[in-house]
1. Order by neighbour count: A:TRP375, A:TRP273, B:TRP57, fewest other Cβ atoms within 10 Å first, most last.
2. In debye, nearest 20, what is the charge dipole magnitude of chain A about its Cα centre with +1 on Lys and Arg Cβ and -1 on Asp and Glu Cβ, if you could check?
3. Can you work out ³J(HN,Hα) from phi for every residue in segment A:189-201, in order, using Karplus 6.51 cos²θ - 1.76 cosθ + 1.60 and θ = phi - 60°, giving whole Hz and x for Gly and Pro?
4. Taking the radius of gyration and the Kirkwood hydrodynamic radius from Cα positions alone, what is the Rg/Rh ratio for segment A:1-124, to two decimal places?
5. Take peptides A:234-246, A:27-39 and line them up by average Cβ neighbours within 10 Å, highest first, as a rough protection proxy.
6. For chain B, what is Rg from Cα atoms divided by 2.2 N^0.38 Å, rounded to two decimals?
7. Could you put A:ARG86, A:ARG347 in order, starting from the residue whose Cβ has the fewest other Cβ atoms within 10 Å?
8. Dipole of chain B, Cα-centred, from +1 at each Lys and Arg C-beta and -1 at each Asp and Glu C-beta, to the nearest 20 debye?
Amino acid sequence: MAQAPINEAVSLADLARDPYSIYRRMRLETPIVEVPAARRIMLTKAKHTRMVKDNAELYSSDDPVTPMQRAFQAHTLMRKDGPEHRAERMAMQKALSPKVIKSDWAELYRKIASDYLDRLPRGERVDLFTDLCGPVAARILAHILGLDEASDADMMRWSQTLIDGAGNFGFAEDPFAKSDAANAEMNAYFDRIEARHRAEPNNSAFSIMLNAANPLPIGQIHSNIKIAIGGGINEPRDALATILYGLLSNPEQLEEVKRTEAWSDAFEEGVRWVAPIQASSRRVTEAHQIDGIDIPEGVTLMTIQASANHDEDLFENGHLFDVFRKKAPHQAFGSGPHHCSGAQVARKTVGEIMLPMIFERFPNMELVPDEKVIWHGFGFRGPLNLPVTLN
Amino acid sequence: MVEITFVHPDGNRRTVGAAPGTSIMQAARDNGINEIIAECGGAMACATCHCYVDDAWTDRVGRRDDAEDDMLDFAEGEVRDTSRLSCQIALSEALDGVIVHLPDVQG
């Protein structure tokens with residue numbers, strides 16, 4: 001019997017600044033470790049994170065004290081298990097399927113991507129993070145969900161407000177005041193467009209859920225849409241910015257990717273290298289051991305996908321961006337019943353549409369040499385800026 | 001042990017053994033059959049363990065149910081009558097010798 005070692009030294013600020021060196025040391029010395037700063041036992045090895053995600057009975061997503069419930073004004077599918085979770089997830093799954101993307105959306109996404117690239121000024125310094133990655137992710141998501149009238153700015157603001165509320169573990173008042181205001185705006189907007197989606201059924205998530213044979217209650221339909229808003233903008237935004245940075249800072253790989261059209265491989269490597277969602281929490285339903293370490297009932301484990309994706313068991317020099325590395329399964333989209341619903345949409349929109357189009361349009365794009373790209377984030381991670389010159 | 005034969009898209013075959021009670025997906029993963037990705041780990045939350053059951057075995061393996069059929073909408077490869085998610089095929093002695101064909105693309 002052995003309790004998990006405790007790491008008192010590491011802070012959330014350290015993890016937000018430079019998580020990968022901390023996780024490397026943990027994998028080597030204390031792969032299962034209690035981190036008081038996060039109030040969680042962290043799992044840093046790929047075999048452990050996957051095992052936890054795959055077993056929803058022993059490792060529940062249901063967190064009775066999550067700030068997410070307060071932020072979303074609902075108990076959402078992210079924090080449910082079993083048939084209830086499955087029913088809510090499947091209700092909008094069709095809108096996210098590759099077939100619907102191909103049949104209904106691919107042309108529109110190409111046009112959106114093209115229009116947003118047209119707006120960028122040539123021969124000048126441009127921050128692709130703010131001027132491209134965020135807005136294009138917001139626009140595409142708006143169409144997937146059936147929120148065509150919502151502006152990019154509103155989509156991004158709603159998304160960030162929900163995320164800030166869901167991460168408000170200290171239950172401070174201000175983030176919830178803002179998420180309450182955003183919820184009111186969203187609910188009013190959803191009510192306004194409901195009649196249109198009922199009258200003209202289409203393959204957007206809202207319309208599919210409203211017109212289903214056995215529809216979810218309207219409150220759950222709303223919270224599903226909000227989950228997609230909260231979880232569907234920052235991730236493709238950060239994935240796109242991360243992959244662009246990886247390719248631009250490794251020009252020989254970029255040339256080879258262009259030559260062999262290995263855009264999908266570049267996508268997978270980018271999300272492996274810096275996973276937009278780095279960690280998840282699961283509540284232990286029964287006392288047991290993992291690799292000889294006691295895991296008591298009721299504790300919260302934190303699976304660190306970011307660390308799993310750099311695990312030496314699977315990846316050589318995992319800290320390096322290498323599109324042509326030996327293939328191994330990464331966990332950037334998680335695993336198990338909560339495996340990212342938007343994984344295929346992200347692969348299509350970012351990997352197959354955006355990446356090749358950007359480099360075709362701006363073949364001589366370069367990072368601005370004197371400006372440092374700042375990386376930040378513990379739960380969610382990506383660059384905060386991506387200054388380039390478009391030639 | 002139950003024997004499973006995987007037929008790769010190029011026609012090459014590989015036969016592996018697995019314990020009854022596990023799934024064809026698990027047998028593929030345990031034996032490095034890379035066409036079976038199984039990104040969600042068998043929770044029927046993705047379609048990356050798509051396979052085609054050999055015509056001679058479809059009756060014994062059984063057909064997909066509605067939930068599996070919905071999930072197959074996510075398959076990258078062509079979905080046929082014989083398409084199944086290999087995580088949903090439980091191995092038993094009755095399936096000893098089963099043959100499954102692997103798709104040429106797996107999203």
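Here, each number is a calculation from the coordinates, and none is a lab measurement. Please read these numbers as outputs of a predicted model, since none were measured by experiment. Quick reminder, even Gly has a Cβ in these numbers, built from the backbone with ideal geometry, and neighbours come from all protein chains shown.
1. Ordered from fewest to most neighbouring Cβ atoms within 10 Å, A:TRP375, A:TRP273, B:TRP57 come out as B:TRP57, A:TRP375, A:TRP273.
2. 620
3. For segment A:189-201, the Karplus-derived couplings read 5, 4, 4, 5, 9, 4, 4, 4, 5, 6, 6, 10, x Hz, x marking Gly and Pro.
4. For segment A:1-124, the value is 1.11.
5. A:234-246, A:27-39
6. For chain B, the normalised Cα radius of gyration is 0.93.
7. Ordered from fewest to most neighbouring Cβ atoms within 10 Å, A:ARG86, A:ARG347 come out as A:ARG86, A:ARG347.
8. Approximately 340 debye in magnitude.
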